[in-house]
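Working notes, beginning with the structure itself.
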Amino acid sequence: MENLIKDIAIIPVDDTAACDFKVTQEENTGKSKKLYIESYGCQMNFSDSEIVASIMKESGFDTTSSFENADVIFLNTCSIRDKAEQTVRKRLQQFNQLKASNPELTIGVLGCMAERLKEKLLEEEQLVDVVVGPDAYRDLPNLVQRAEDGIKGVNTFLSREETYADIAPVRLNSNGVSAFISIMRGCDNMCSFCVVPFTRGRERSRDPHSIIAEARTLVEKGYKEVTLLGQNVDSYKWSPEENNKARLNKKGEDITQLITFAKLLEMVALVSPHLRVRFSTSHPKDITDEVLYTMKRYPNICKYIHLPVQSGNSRVLDLMNRTYDREWYLERVQKIREILGDECGISSDMITGFCSETEEEHHDTLSLMDQVCFDFSYMFYYSERPGTLAAKKYPDDVPLEIKKRRLQEIIEKQHLLSMKRNQLDIGKVQEILIEGPSKRSEVQLKGRNSANKVVIVPKEDLKPGDYVNVRILDCSSATLFGELLN
Ligand code: SAH
Ligand code: SF4
Ligand code: F3S
């Protein structure tokens with residue numbers, strides 16, 4: 001039966017999270033049961049929900065956009081800050097009533113919160129039937145089946161190999177123009193504030209052939225943009241035959257053809273010149289000049305780098321275990337400007353009020369922001385996460401009001417910098433990719449330029465997926481406004 005795409009529910013969930021939406025979309029292929037998924041947290045989690053939908057489809061479930069009609073409800077959760085977990089708990093309380101009127105309903109908690117809390121979640125949240133961590137999604141049909149028979153289940157096994165490389169994701173949150181491709185999983189970095197290494201396990205890279213195959217399929221389906229996803233894409237590595245292990249010839253020479261992130265980027269860029277390629281997240285300690293030169297060489301690799309700095313002060317960066325200092329970060333930015341020019345977009349994540357951060361150190365973050373002039377930033381105040389290095393070693397000693405005041409200061413600074421950067425675009429001609437309707441007006445459409453900025457243009461006879469040249473006429477701190485050329 002033909003796929004029917006109905007409405008998409010998009011509701012903001014977290015403070016200023018990097019990706020703060022939950023999305024669910026209807027797919028009707030005539031299956032007898034209905035699955036409703038809500039996703040929280042980062043793009044990787046959204047991408048995982050598409051894998052989950054695919055696994056569940058194989059065992060007889062279509063997705064639905066209304067939880068009232070669902071046989072199974074999954075919350076794919078995030079643990080990055082306490083607030084993200086609180087949001088999920090509130091949502092679970094709302095589902096309590098639903099479960100009371102429909103005891104057949106199965107409720108599952110997936111993702112990072114499932115991994116962090118494991119069995120405890122079943123004790124704490126009585127209505128939950130299954131708890132499944134990010135590496136155990138292949139076990140979902142089995143666990144759901146058992147739950148239907150009245151047996152609750154937990155699988156939070158973390159794998160060193162699982163990349164779901166063979167699973168074709170069901171595109172859930174798609175506009176038919178842009179899609180995510182996961183290129184790796186986990187993280188080995190151990191930033192002291194961060195829960196991700198504990199919830200996602202060890203870093204592993206996905207077979208590049210399966211990545212290229214996925215990009216080709218997307219092109220065949222009419223997609224125009226892919227975003228390659230990983231917590232630290234610059235440490236992507238794959239060698240043929242045995243992943244990440246050296247192969248020696250008879251003379252003992254290493255003949256491993258290591259595929260680095262730069263190489264992978266090139267391979268994806270070559271899939272089609274009409275496919276835009278983006279990636280996220282880059283780590284300042286690992287981003288190489290080779291990646292920057294590859295970006296320069298291929299016009300379809302977007303000139304935009306999300307390069308989270310976290311703090312502008314070297315002592316704080318050291319406590320955060322980021323393994324670079326202020327000077328290193330500024331040198332990387334200088335290199336980006338040197339190789340890719342001023343037009344390359346650079347964005348960041350910042351945390352205020354990390355353990356023992358002084359007022360002066362906070363000012364170092366503000367001054368670094370001025371120096372780099374970020375196009376935009378995702379900004380947070382520090383939220384201590386149980387089990388992390390920082391929680392064990394350093395007291396969470398900056399009072400909440402001060403954390404919040406410092407956050408407000410960096411938000412205001414970023415607002416000014418975004419405006420300044422956007423004003424530089426006025427008068428320029430840029431190619432944009434049309435993504436869909438503009439929120440504000442029916443006679444306008446929303447597109448994006450290479451540097452990842454939203455550009456509003458007149459609708460005329462354009463449609464999502466069209467490339468169009470525009471001249472930028474005006475801007476706000478968040479948006480550019482353009483006129484169509486030719
Ligand atoms: N892998 C990415 C970050 C993923 S988490 C990187 O290394 O840059 C997204 C962002 O959430 C982080 O960049 C950080 O700014 C923020 N974050 C992570 N843990 C946090 C915590 N405990 N409190 C506040 N913000 C946090
Ligand atoms: Fe967390 Fe650091 Fe890994 Fe990013 S690189 S996911 S901040 S541990
Ligand atoms: Fe959250 Fe897990 Fe992503 S903690 S930010 S959903 S990796």
Unique residue being among the aromatic types (Phe, Trp, Tyr) and part of a strand (DSSP E or B) when the list is Phe157, Phe180: Phe180
Region 302-322, residues that are part of a loop (DSSP other than H, G, I, E, B) and within 16 Å of ligand 3 (Cβ to nearest atom): Pro308
Lone unmet requirement of (1) more than 16 Å from ligand 3 (Cβ to nearest atom); (2) under 18 Å from Ile351 (Cβ atoms); (3) surrounded by fewer than 19 Cβ atoms within 10 Å (Cβ to Cβ) for Val429: (2)
Scan of region 372-398 for residues that are touching a residue at least 12 places away in the same chain (Cβ under 8 Å), surrounded by fewer than 14 Cβ atoms within 10 Å (Cβ to Cβ) and more than 16 Å from ligand 3 (Cβ to nearest atom), ordered by number: Lys393, Pro395, Asp397
Of residues in region 282-321 being of a type in the set (Val, Ile, Thr) and free of Cβ contacts under 8 Å to residues at least 60 places away in the same chain, the one surrounded by the fewest Cβ atoms within 10 Å (Cβ to Cβ): Thr288
Failed item, numbered, when Glu412 is tested on (1) within 30 Å of Met320 (Cβ to Cβ); (2) free of Cβ contacts under 8 Å to residues at least 40 places away in the same chain; (3) surrounded by 20 or more Cβ atoms within 10 Å (Cβ to Cβ): (3)
Matching residues, region 157-201, being surrounded by fewer than 18 Cβ atoms within 10 Å (Cβ to Cβ), under 17 Å from Val132 (Cα atoms), within 16 Å of ligand 3 (Cβ to nearest atom) and not aliphatic (A, V, I, L, M): Ser159
Residue satisfying condition, being among the hydrophobic types (A, V, I, L, M, F, W, C) and either at pLDDT 95 or above or buried (at least 19 other Cβ atoms within 10 Å of the Cβ) (or both), within set Ala269, Ala246: Ala269
Meets criteria (aliphatic (A, V, I, L, M), modelled with pLDDT of 95 or more and within 18 Å of Ile183 (Cα to Cα)) for Ile37: no
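Could you identify the single residue in Glu85, Glu119 that is within 14 Å of ligand 3 (Cβ to nearest atom), more than 26 Å from Glu27 (Cα to Cα) and surrounded by fewer than 22 Cβ atoms within 10 Å (Cβ to Cβ)?
Numbers: Glu119 fails: within 14 Å of ligand 3 (Cβ to nearest atom).
Just one listed residue meets the conditions, Glu85.
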Output for region 207-234, where each listed residue is within 24 Å of Ile80 (Cα to Cα), touching a strand residue (DSSP E or B) at 6+ places or on another chain (Cβ under 6 Å) and of a type outside the set (Val, Ile, Thr): Leu228, Leu229, Gly230
Filter result for the condition that a residue is in a loop (DSSP other than H, G, I, E, B) and either within 16 Å of ligand 1 (Cβ to nearest atom) or closer than 28 Å to Tyr382 by Cα (or both), over Arg202, Arg116, Arg89, Arg171: Arg202
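So, in region 51-65, of the ones that are in contact with a Phe, Trp or Tyr (Cβ under 9 Å, 6 or more places away or on another chain) and farther than 21 Å from Asn232 by Cβ, which residue ends up farthest from ligand 1 (Cβ to nearest atom)?
The first filter runs over region 51-65 and keeps only residues in contact with a Phe, Trp or Tyr (Cβ under 9 Å, 6 or more places away or on another chain), leaving 51-56, 63-65.
Add one more test, that the residue is farther than 21 Å from Asn232 by Cβ, and what stays is 52-56, 63-65.
On the way: Val52: 20, Ala53: 23, Ser54: 24, Ile55: 25, Met56: 27, Thr63: 26, Thr64: 30, Ser65: 27 Å.
So the residue we want is Thr64.
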Residue pairs meeting the criteria (Cβ under 8 Å; at least 6 apart or on separate chains; first over 18 Å from Glu290 (Cα atoms) and in contact (Cβ under 8 Å) with a residue 40 or more places away in the chain, in region 322-351; second aromatic (Phe, Trp, Tyr) and outside any strand (DSSP E or B)): Ser347/Phe374; Ser348/Phe374; Ile351/Phe193; Ile351/Tyr382
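Taking into account only those residues within region 131-154 that are assigned to a loop (DSSP other than H, G, I, E, B) and surrounded by 20 or more Cβ atoms within 10 Å (Cβ to Cβ), which is nearest to the chain's Cα centre (by Cα)? Can you show your working first?
The initial filter retains those residues of region 131-154 that are assigned to a loop (DSSP other than H, G, I, E, B), namely 133-136, 149-152.
Going one step further and asking which of them are surrounded by 20 or more Cβ atoms within 10 Å (Cβ to Cβ), we end up with 133-136.
Numbers: Gly133: 17, Pro134: 14, Asp135: 17, Ala136: 20 Å.
Ranking the candidates gives Pro134 first.
For region 351-403, give me each residue that is charged (D, E, K, R) and in a helix (DSSP H, G or I).
Selection gives Glu359, Glu360, Glu361, Asp364, Asp370, Lys392, Lys393, Glu401, Lys403.
The values are calculated or read from the model by the stated rules, or taken from the named source; none is laboratory data. Remember, predicted model here, so these are calculated numbers, not experimental data. Neighbour counts run over all protein chains shown; Cβ positions are idealised from the backbone, glycine included.
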